[in-house]
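I have placed the structure first, in the form of structure tokens, so that the comments after it can refer back to it.
The values are calculated or read from the model by the stated rules, or taken from the named source; none is laboratory data. Note that the structure is predicted; figures quoted are calculated from it, not measured. Neighbour counts run over all protein chains shown; Cβ positions are idealised from the backbone, glycine included.
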């Protein structure tokens, strides 16, 4: 894996290399180079399987970290490519032309984090949140409890101490 | 058994203040044309004539001995539409298979709302699911009953602070029997159905009439949370 990383470093601007379990490598790539890096990994190095695309919200640093995981079926190794993008103007290049299923992940990220992937098919259609009007709910500055209390009513709880309740129920004469 | 008292005079849940900013305060909300007609405003023009614009009416009661006989018959043929919204749907499998075998009690699962008269909601209800629940419930033929299984359907359960899960299903459709538990054992679900049978025989499972009488209240509540209403106001 180190050799692969060193080879890729000649071509792309990478840093923060980390290796876990011998087969799981992760590094940070530049945003502009991501699509060509993934194309390179898929076509030349055999990482043909897109496992997932997900996002981490670094609220304090004002960054979104997009995480792409690709898998190689020949030596069962994974590569985790991380890309940091601006949180205020979240926009990223689409990878749906490399992997067809990428558009599903991108649609979800658009809905849950408000990240835009120009050209990704159907990303403006609602996927899970039909008719959602609030801010993207998986961002860390979205207060889910506050939203819940403002929109859905609560049922008052009638709590009982289990020991006393069962005592009264089973042995009412005591 | 959960205390099922609902204050129907209360403002519809959530954001009751929103309407006050609306200057066009006509006597009817935008989904009602007059006392008996619905507008179906959420539908596109070409679908308007596919659906009826009448609202549901409470069923008339017949002579009491006949009504008792009908209730006895209803209680002994419960056809279940299981709406597997959450993990509680798993409990229906042991219920219908050989171990607990509910067909000996006159119950059986049905695949479509048109053939069923017991709506079993198995778990948490998100907004997207609520839309399907309302539509399925209104499509069921009367007399119809609702059994809500699991604590999520009662008070939100572990989704008590979720942005997308309603916490009380009985504000959107009327519920006859609750089965508590996370998740309830099949015995508990059976006990719930037995309780439902008792209620039906006593003539107390009037959820369908309640829905027709308080249709405005239920519909306002549904419209508060379902923001993209693109189905008929009452689905037949």
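Tabulated results
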quantity	calculated
Residue among A:138, A:112, A:127 that alone is at pLDDT 90 or above and part of a loop (DSSP other than H, G, I, E, B)	A:138
Subset tally (residues that are without any contact (Cβ under 8 Å) to a residue 40 or more places away in the chain and more than 7 Å from chain B (Cβ to nearest Cβ)) for segment A:133-143	5
Residue within segment B:198-214 that is within 27 Å of residue A:126 (Cα to Cα), in a helix (DSSP H, G or I) and touching a helix residue (DSSP H, G or I) at 6+ places or on another chain (Cβ under 7 Å) present	no
Residue check for residue A:149: assigned to a helix (DSSP H, G or I) and within 14 Å of chain B (Cβ to nearest Cβ)	yes
Filter pass, residue A:158 being within 14 Å of chain B (Cβ to nearest Cβ), exposed (fewer than 11 other Cβ atoms within 10 Å of the Cβ) and either more than 23 Å from residue B:152 (Cβ to Cβ) or modelled with pLDDT of 90 or more (or both)	no
Count of segment A:1-33 residues which are within 17 Å of the chain's Cα centre (by Cα) and either in contact (Cβ under 8 Å) with a residue 60 or more places away in the chain or more than 15 Å from residue A:69 (Cα to Cα) (or both)	1
Residue identified as away from chain B (no Cβ under 14 Å) and modelled with pLDDT of 90 or more among A:166, A:92	A:92
Any hit, segment B:183-202, residues being farther than 30 Å from residue B:70 by Cβ and more than 14 Å from chain A (Cβ to nearest Cβ)	yes
Some residue of segment A:70-78 being assigned to a loop (DSSP other than H, G, I, E, B) and in contact (Cβ under 8 Å) with a residue 60 or more places away in the chain	no
Among residues of segment A:119-131, those that are within 25 Å of residue A:93 (Cβ to Cβ) and facing chain B (nearest Cβ under 9 Å), counted	3
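Condition check ((1) crowded, with 16+ Cβ neighbours inside 10 Å; (2) within 28 Å of residue B:38 (Cβ to Cβ)) across all residues:
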site: B:61; (1), (2): no, yes
site: B:80; (1), (2): yes, no
site: B:88; (1), (2): yes, no
site: B:96; (1), (2): yes, no
site: B:101; (1), (2): no, no
site: B:104; (1), (2): no, no
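Every residue, every condition in (1) closer than 30 Å to residue B:180 by Cα; (2) within 14 Å of chain B (Cβ to nearest Cβ); (3) in contact with a helix residue (DSSP H, G or I) (Cβ under 8 Å, 6 or more places away or on another chain); (4) touching a residue at least 60 places away in the same chain (Cβ under 8 Å), yes or no:
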position: A:111; (1), (2), (3), (4): no, yes, no, no
position: A:117; (1), (2), (3), (4): no, no, yes, no
position: A:145; (1), (2), (3), (4): yes, yes, no, no
position: A:172; (1), (2), (3), (4): yes, no, no, no
